[in-house]
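Report on the structure given below.
The values are calculated or read from the model by the stated rules, or taken from the named source; none is laboratory data. Small disclaimer: the values here were computed from a predicted structure and weren't measured. Here the Cβ positions follow ideal geometry from the backbone for every residue, glycine too, while neighbour counts run over all protein chains shown.
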Amino acid sequence: MAKKNRKEKEQLPEGMSRRQAKLAARAAERAALEKDPRPYAGLAAEADLVALQEFIPSATATVKLKDSDREVEIATVLPGAGAALVRDAEFGGTRFVALQVRKHSHNPGRDLAYALNWVKDATGGDSLESTVADGDQPTLTDLIDAETTIDIQVHDDFSWWTPEGSDVPFEVQHAINQANQTVAPTRRVEADVAGSAWWANPGGGKAYLRWVRVDEDENALLNALARIAARGELQLADDTKFAGVFRTHGLVVPVWDLPADSEAEDYIRELERVDKLIAAELANDAPLSAEERKQLENIKSRQVTIR
């Protein structure tokens with residue numbers, strides 16, 4: 001039997017030689033492996049999506065899909081740390097996708113797009129285990145409007161995992177009870193400031209305030225924080241401490257240690273004060289003083305990267 005001629009059967013992109021097609025395929029593979037420096041950049045909800053993914057234990061937020069009347073609940077975490085699920089029609093058919101998942105890639109924005117694209121056509125009872133993007137899904141801005149903002153509904157437990165009126169198997173209730181033990185009280189700080197600020201009290205003698213900011217260059221923000229710290233104006237109150245910054249999803253997240261008996265509303269005015277100080281310092285292009293450089297090095301030495 002004569003051997004098949006592979007070259008005759010091979011379908012090449014129009015206008016490309018075989019070598020050019022291979023190079024293009026390799027470039028596409030490399031692009032798929034590259035990490036997006038800011039996975040939610042360009043979205044009005046960027047700061048809130050980062051907060052949902054990294055700092056809030058139990059919450060949901062509704063988004064409307066483009067070119068569709070369907071809504072999806074973006075959740076912090078779903079049962080089993082799965083990627084997405086659709087409830088049966090008798091329980092409303094609600095569609096969920098999760099940001100805190102067990103199986104994921106290094107590109108959370110693409111993973112979210114993958115899950116949203118899957119869930120829009122899934123049917124009641126369907127579930128998705130992994131959000132690892134395969135490169136075929138639309139972009140996030142193909143699926144949700146870039147100007148969409150989200151209203152995060154914080155939950156104090158995971159009872160929302162099961163629809164009201166449903167029979168909850170023992171093993172599911174056990175999983176909910178275990179998950180409930182991990183939930184730290186968390187609230188948005190309802191201040192008129194840039195970004196998204198969150199108070200949390202995980203126990204252990206102190207609470208925290210984490211402030212996801214998106215509107216400035218990282219180095220410019222660090223310099224602004226150093227200038228303010230050098231003047232002794234970075235605390236939110238006498239009994240608070242500026243703890244440093246997280247770096248996550250291409251953003252800088254200032255963090256404060258707070259008293260354990262504090263509440264989110266205690267820091268609204270002080271956070272607004274610091275926000276104005278930061279805005280003023282961002283416009284300051286003078287070189288850092290010796291004390292400001294010292295404060296900058298102190299901040300950098302205590303920064304923690306969340307990958």
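So, of the residues in segment 121-140 that are within 18 Å of Tyr40 (Cα to Cα) and hydrophobic (A, V, I, L, M, F, W, C), which turns out to be nearest to the chain's Cα centre (by Cα)?
Restricting to residues being within 18 Å of Tyr40 (Cα to Cα) and hydrophobic (A, V, I, L, M, F, W, C), the top hit is Leu140.
Matching residues to (1) farther than 15 Å from Val304 by Cα; (2) aliphatic (A, V, I, L, M):
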position: Asp238; (1), (2): yes, no
position: Phe246; (1), (2): no, no
position: Leu258; (1), (2): yes, yes
position: Asp261; (1), (2): yes, no
position: Ala264; (1), (2): yes, yes
position: Arg269; (1), (2): yes, no
position: Val274; (1), (2): yes, yes
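With the condition being β-branched (Val, Ile, Thr), I'd like the strands (runs of 3 or more DSSP E) fully within segment 192-307 carrying at least 3 qualifying residues.
Numbers: elements: 196-200, 206-212, 241-248, 251-259, 304-306.
Here the list reads 251-259, 304-306.
Scan segment 154-175 for residues that are part of a helix (DSSP H, G or I) and without any contact (Cβ under 8 Å) to a residue 40 or more places away in the chain and jot them down.
Ser159, Phe170, Glu171, Gln173, His174
Might you check whether a residue that is over 16 Å from Ile299 (Cβ atoms) and modelled with pLDDT of 95 or more occurs anywhere in segment 216-223? Break it down stepwise before answering.
Residues of segment 216-223 over 16 Å from Ile299 (Cβ atoms): none.
No.
Mind listing just one residue for me: the one in segment 287-307 that is surrounded by fewer than 14 Cβ atoms within 10 Å (Cβ to Cβ), closer than 18 Å to Phe246 by Cβ and among the aliphatic types (A, V, I, L, M) and, of those, modelled with the lowest pLDDT?
My answer is Ile306.
Across segment 180-199, which residue is nearest to Pro57 (Cα to Cα) among those that are of a type in the set (Gly, Ala, Ser) and surrounded by fewer than 18 Cβ atoms within 10 Å (Cβ to Cβ)?
Ala184
Condition test on Ala264, is it modelled with pLDDT of 95 or more, farther than 29 Å from Asn107 by Cβ and either buried (at least 18 other Cβ atoms within 10 Å of the Cβ) or in the same structural domain as Leu52 (by TED's automatic domain parsing) (or both)?
yes
Which of the residues that make up segment 46-99 are more than 17 Å from Ala175 (Cβ to Cβ), assigned to a strand (DSSP E or B) and not acidic (Asp, Glu)?
Within segment 46-99, Ala59, Thr60, Ala61, Thr62, Val63, Lys64, Val72, Ile74, Ala84, Val86, Arg95, Val97 meet the criteria.
May I ask you to verify whether Leu116 is assigned by TED's automatic domain parsing to the domain that holds Ile74, in contact with a helix residue (DSSP H, G or I) (Cβ under 8 Å, 6 or more places away or on another chain), within 21 Å of Glu54 (Cα to Cα) and buried (at least 20 other Cβ atoms within 10 Å of the Cβ)?
Here the answer is yes, as Leu116 does meet what is asked.
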